[in-house]
């Protein structure tokens, strides 16, 4: 039997100085299902060509902009199968719309768009196109995040009573956006990032993880935003209370001015009979604490884990997997869904892979946090 060809990926963004673009490329190609063959890597045609050369892309397929890439690729006998969007947030909607209108499926970095109205427009475009759309909420790809999701869904914790999620970084503790730091500059610019600063960059991850693992939805939120660094135009710190769809309560905190923190994402979920505790910086262990019983440490790759966790492990126990592998899990699932769609399956995305629903809820989260902060009160989600 002939080997199945790799799916051909075209990237928008990810050029010189970018962080997340090269991560997408590495993750997409890790499992041998996808190959990046084209890209519009920068708004500068010269820099796009330079990036294409560095990535080993055919110079003819390193384009000056995404519109040129879409038009040219449609005419090729070997066109791209999908586009991945790795640009600043304000470009997510126009790129996704252009791709979907051209019949090209989309994988996008989060958040889905720069504001809630745009997310609704994107949702309509995805529905109209009928094409697969995936969103890289990276932490959904960790095996022990999926184990935690399984434990919550199975009732292993009993009825969930409280959730606490936090995401702390310290890298923007100084006004580095004014020093030529590319990644900080666009994140601190409302025109490029949207109206949510830390809440858009990392708060949406915390929010998605809360709902993804617990299986519950936020129904109300009471949030306070701060711009701690003088002169910063967007929030860099957030504290929020939430109410959940089963009556449980929760807290959500995120900050990019937590000096000394690197990428401290942590979630704790407390049920009637047990709780779980997972940290992104120690991702291969899930701690389960029981009301009446010993504390357990669940290790990645071990045979006692549930199906969803074991299905995404690549190496034996004791061989840690991390950020790139979690990212690759999402790309592997997207590749499988895209194959299924190409074979006529109208709804191929698995429930474990974030898609347009997660994208819309993430943008709604930003919208509601800003509204709650403005009113200094609870708001309905």
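The values are calculated or read from the model by the stated rules, or taken from the named source; none is laboratory data. All values derive from a computational prediction rather than experimental measurement. All Cβ positions, even for glycine, are placed from backbone atoms using ideal geometry, and neighbour counts span all protein chains on display.
General observations
- With respect to the conditions (1) in the same structural domain as residue 20 (by TED's automatic domain parsing); (2) within 21 Å of residue 242 (Cβ to Cβ); (3) surrounded by fewer than 16 Cβ atoms within 10 Å (Cβ to Cβ), residue 111 falls short on a single one, namely (3).
- Residue 318 meets each of the listed conditions (1) in contact with a helix residue (DSSP H, G or I) (Cβ under 8 Å, 6 or more places away or on another chain); (2) more than 17 Å from residue 141 (Cα to Cα); (3) touching a residue at least 12 places away in the same chain (Cβ under 8 Å) apart from (1).
- Residues in segment 313-343 that are in a helix (DSSP H, G or I) and farther than 20 Å from residue 25 by Cα: 340, 341, 342.
- Unique match (being without any contact (Cβ under 8 Å) to a residue 60 or more places away in the chain and surrounded by 21 or more Cβ atoms within 10 Å (Cβ to Cβ)) among 277, 237, 282: 237
- Residue-level analysis places residue 183 among those that are assigned to a helix (DSSP H, G or I), surrounded by 17 or more Cβ atoms within 10 Å (Cβ to Cβ) and in the same structural domain as residue 275 (by TED's automatic domain parsing).
- Taking the criterion of being on the phi > 0 side of the Ramachandran plot and not assigned by TED's automatic domain parsing to the domain that holds residue 47, no residue of segment 2-33 qualifies.
- You will find that of 262, 286, the residue that is outside any loop (DSSP other than H, G, I, E, B), closer than 30 Å to residue 25 by Cα and either outside the structural domain of residue 132 (by TED's automatic domain parsing) or touching a strand residue (DSSP E or B) at 6+ places or on another chain (Cβ under 6 Å) (or both) is 286 and no other.
- Within the option set 214, 227, being on the phi < 0 side of the Ramachandran plot and surrounded by fewer than 21 Cβ atoms within 10 Å (Cβ to Cβ) holds for one residue only, 227.
- Selection of segment 344-362 for residues being touching a residue at least 40 places away in the same chain (Cβ under 8 Å) and assigned to a loop (DSSP other than H, G, I, E, B) yields 346, 348, 349, 352, 353, 354, 355.
- Checking each residue in segment 188-200 for being surrounded by fewer than 24 Cβ atoms within 10 Å (Cβ to Cβ) and assigned to a helix (DSSP H, G or I) picks out 190, 191, 192, 193.
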